[in-house]
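Readers should treat all values here as calculations from the given coordinates under stated rules, not as data from a laboratory. All figures in this text were calculated on a predicted structure; none of them were measured in a lab. A quick note on method: Cβ atoms are made from the backbone with ideal geometry, for glycine too, and the neighbour counts reach across all protein chains shown.
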Amino acid sequence: MRELVASKADILLITLDTLRYDAAQAAWREGLLATLAPHLGPDGWEERHSPASFTYAAHHAFLAGFLPTPLGKGPHSRLFAADFAGATSTTEETFTFQEATLPEALRARGYHTVCVGGTGFFNGQNALSRVLPGLFEESHWRPELGVTDPDSPRHQVAQALACRDQRPNFTLINVSAIHQPNRFYTGALEDNLESHTAALVAVDDALQQLFQVRKTTFVIVCSDHGTAYGEDGYHGHRLGHPVVWTVPYAHFTL
């Protein structure tokens, strides 16, 4: 990551808000992810643990360098991290910085930083929902980028493409489609795991245009947390069930 930043490669962070690992992996096994599958490993998605169980906390962690944690005994080297004494998860390859967050650090190094919001914590409608977008030089949210628009994946990709700059770009897309409500992707009366997966397939289709890039781009694509659909009596997220904490992760270079 240190070399990528030094080379001014574009960096794209795609957070598939609310995507469960089991749903993502099943979609990969069933051949439903035409855009993402070629960039995943031979075993599909990497299974990781999120640092938080809901959007706001997870994104704060991500942007400070605490991406979903690999399984198994650590410490696990991080791609980027705020520089502080005693850190055990940084190596010579880690991009370290004095700023509090990655967008602030990259902007200080000449990057154009863009946030394409999706879920409510990015909508700018109150002070809380302006915190995360406020870390970026440029941020966007409109209802058609949000959770209630079935065409949000295409609208979000179009917005990200429109924001490209001649400078190196760091773009965060908080993908909204998989977050509830997602029932309209199957016509179901209520959200369920089938409509959850159908939303992921719609996102995968929209990402095809975004991945046709002309510059070297380092892509991180992961979920911020999962969600429960009745498992062990649980519904939703911001709770400690394995379907919430276990998320899919991948990174690759285009």
Could you list all residues from the range 18-43 that are of a type outside the set (V, I, T) and either without any contact (Cβ under 8 Å) to a residue 24 or more places away in the chain or touching a His at 6+ places or on another chain (Cβ under 6 Å) (or both)?
A23, W28, R29, E30, G31, A37, P38, P42, D43
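Looking at V221, V203, V247, V213 in this structure, which one is in a loop (DSSP other than H, G, I, E, B), in contact with a strand residue (DSSP E or B) (Cβ under 8 Å, 6 or more places away or on another chain) and within 25 Å of D10 (Cα to Cα)?
Working: V221 fails: in a loop (DSSP other than H, G, I, E, B); V203 fails: in a loop (DSSP other than H, G, I, E, B); V247 fails: in a loop (DSSP other than H, G, I, E, B).
It is V213.
When you check D191 against the structure, is it part of a loop (DSSP other than H, G, I, E, B) and under 21 Å from W28 (Cα atoms), yes or no?
Working: part of a loop (DSSP other than H, G, I, E, B): yes; under 21 Å from W28 (Cα atoms): yes.
Judged against the criteria, D191 is a match.
Test D204 against the criterion of being among the charged types (D, E, K, R) and surrounded by fewer than 18 Cβ atoms within 10 Å (Cβ to Cβ), and give yes or no.
Details: among the charged types (D, E, K, R): yes; surrounded by fewer than 18 Cβ atoms within 10 Å (Cβ to Cβ): no.
Here the answer is no, as D204 does not meet what is asked.
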Looking at the range 217-253 only, could you name the residues that are surrounded by 19 or more Cβ atoms within 10 Å (Cβ to Cβ), over 11 Å from Y21 (Cα atoms) and among the aromatic types (F, W, Y)?
F218, Y229
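If I filter the range 106-123 down to residues being among the small types (G, A, S) and within 21 Å of N169 (Cβ to Cβ), which single residue comes out as surrounded by the most Cβ atoms within 10 Å (Cβ to Cβ)? Walk me through it before giving the result.
Kept after step one, since they are among the small types (G, A, S), are these residues of the range 106-123: 108, 110, 117-118, 120.
Within this subset, residues satisfying the condition of being within 21 Å of N169 (Cβ to Cβ) are 108, 110, 117-118.
Numbers: A108: 12, G110: 10, G117: 25, G118: 29.
Result: G118.
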Segments classed as helices (runs of 4 or more DSSP H), wholly inside the range 1-110, with at least 1 members that are more than 17 Å from T217 (Cα to Cα) and among the β-branched types (V, I, T):
55-63
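Considering only the range 164-185, state which residues are hydroxyl-bearing (S, T, Y) and either surrounded by fewer than 24 Cβ atoms within 10 Å (Cβ to Cβ) or out of contact with any strand residue (DSSP E or B) (no Cβ under 9 Å at 6 or more places or on another chain) (or both).
As a first pass, look at the range 164-185 and keep what is hydroxyl-bearing (S, T, Y): 171, 176, 185.
Once the filter is applied, which keeps residues that are hydroxyl-bearing (S, T, Y) and either surrounded by fewer than 24 Cβ atoms within 10 Å (Cβ to Cβ) or out of contact with any strand residue (DSSP E or B) (no Cβ under 9 Å at 6 or more places or on another chain) (or both), the range 164-185 yields S176, Y185.
Just the residues that are out of contact with any His (no Cβ under 7 Å at 6 or more places or on another chain) and either surrounded by fewer than 20 Cβ atoms within 10 Å (Cβ to Cβ) or not in a loop (DSSP other than H, G, I, E, B) (or both), please, taken from the range 139-149. Give the steps one after another, and end with the answer.
Taking the range 139-149 and keeping what is out of contact with any His (no Cβ under 7 Å at 6 or more places or on another chain), we get 139-143, 146, 148.
Within the range 139-149, S139, H140, R142, P143, T148 qualify.
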R214 fails exactly one of (1) surrounded by 22 or more Cβ atoms within 10 Å (Cβ to Cβ); (2) within 30 Å of L106 (Cα to Cα), namely (1)
Among the candidates R48, R20, R2, single out the residue that is of a type outside the set (D, E) and in contact with a Gly (Cβ under 8 Å, 6 or more places away or on another chain).
R20
